[in-house]
Amino acid sequence: QVQLVESGGGLVQPGGSLRLSCAASGSIFRINAMGWYRQAPGKQRELVATHTNGGIPNYADPVKGRATISRDTATNTVSLQMTSLKPEDTAVYYCNVVARPGSQSYYSVYWGQGTQVTVSS
């Protein structure tokens, strides 16, 4: 129905920056929100940033001022730019999309496969 393909991530030095991208494809009738979550080892998955239709981007406190989420509604893509990276940003980052496939009359939540971000010197 809805497939998500993530790109970006990898090993970054403290203080560095990175850009993650996610493209949604498939039989999509409408997307309500696109965003990013992350999960560090031994911790629960947590919000990083989201962008809803017509709304103001929402950022988690730990990344405010360091993260910028951007969304292209024409191509159904969402990107996350992060700067001043810290070791505590190390986690698997997941793309999250709330979408209504063409075959459904309701919205469902979709997750990407995850991309590893490691911040280390």
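A short reminder: the numbers here are calculations on the coordinates, not readings from a lab. Here the structure is a predicted model, which means the values were calculated and not measured. Cβ coordinates were reconstructed from backbone atoms using ideal geometry, including for glycine residues, and neighbour counts include every protein chain displayed.
In a DSSP loop and with at most 14 other Cβ atoms within 10 Å, the chymotrypsin sites (Phe, Trp or Tyr not before Pro) in the range 1-106 are Tyr106. Here's the picture: charge each Lys and Arg Cβ at +1 and each Asp and Glu Cβ at -1 in the chain, and of Ser84, Pro101, Thr50 the one pushed furthest to the positive end of that dipole is Pro101.
Considered as an equivalent ellipsoid built on the Cα gyration tensor, the range 50-92 has semi-axes of 22, 12, 8 Å, the largest given first.
Relative contact order for the chain: 37 percent, from Cα pairs under 8 Å spaced at least 6 residues apart, divided by residue count.
If both residues of a DSSP beta bridge must be in the chain, then about 95% of such bridges are antiparallel. The longest stretch of the chain left intact once loop-based trypsin sites (Lys or Arg not before Pro) with at most 13 other Cβ atoms within 10 Å are removed from consideration, loops following DSSP, is 65-121.
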